[in-house]
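Contents: one structure, followed by commentary.
The values are calculated or read from the model by the stated rules, or taken from the named source; none is laboratory data. Since the model is a prediction, treat every value here as computed from it, not as a measurement. All Cβ positions, even for glycine, are placed from backbone atoms using ideal geometry, and neighbour counts span all protein chains on display. What goes into the accessible areas is simple: the full protein's heavy atoms, side chains included, and nothing from ligands, DNA or RNA. Shrake-Rupley method; radii C 1.70, N 1.55, O 1.52, S 1.80 Å.
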Amino acid sequence: MTHLNPIKILFLNDLRDNKPERPGWSLTFGAICADAAAVCLDDGGHSIPVKLTIEGIQPCEIQIQWDAIDHTIRRFNADREVATEYGAYGIAALIITNLGRNPVLLGRLYIRM
């Protein structure tokens with residue numbers, strides 16, 4: 001692997017905020033994606049924070065942090081397939097806004113957990 005840039009720390013709760021780099025992203029959808037990602041990461045046995053290694057044109061390491069989840073959030077995300085889909089949207093939105101919007105770069109991301 002090539003040289004990695006410094007570790008970037010990302011917070012799932014940022015998906016709940018209005019950000020100019022996410023036009024059209026509603027706060028409700030952001031909260032749903034943040035909660036789904038937290039449930040999936042927790043169910044996968046990942047500790048807070050989880051480290052992701054991104055390989056490709058712009059290799060880097062990212063740490064994703066999230067708040068503890070409660071029974072209501074877990075119950076809302078009981079459908080694992082749907083939770084995985086929305087959690088992936090959320091994590092992708094965090095990563096994309098921190099790596100830039102270059103379509104060539106975005107098409108060549110490889111993530112290892």
Residues (over 29 Å from residue 75 (Cα atoms) and touching a residue at least 60 places away in the same chain (Cβ under 8 Å)) located in segment 1-52: 8, 21
- prompt: Got a number for residues in segment 13-33 being in contact with an Asp or Glu (Cβ under 8 Å, 6 or more places away or on another chain) and open to solvent by less than 70 Å² (accessible area, probe 1.4 Å)?
  reply: 2
query: In segment 41-53, what count of residues is obtained for those that are open to solvent by 40 Å² or more (accessible area, probe 1.4 Å) and assigned to a helix (DSSP H, G or I)?
result: 2
statement: Inside segment 61-113, the number of residues satisfying the requirement of being modelled with pLDDT under 90, under 15 Å from the mean Cα position of the chain (by Cα) and assigned to a loop (DSSP other than H, G, I, E, B) is 3
Residue in segment 20-30 that is closer than 13 Å to residue 67 by Cα, within 14 Å of the chain's Cα centre (by Cα), outside any loop (DSSP other than H, G, I, E, B) and at pLDDT 85 or above present: no
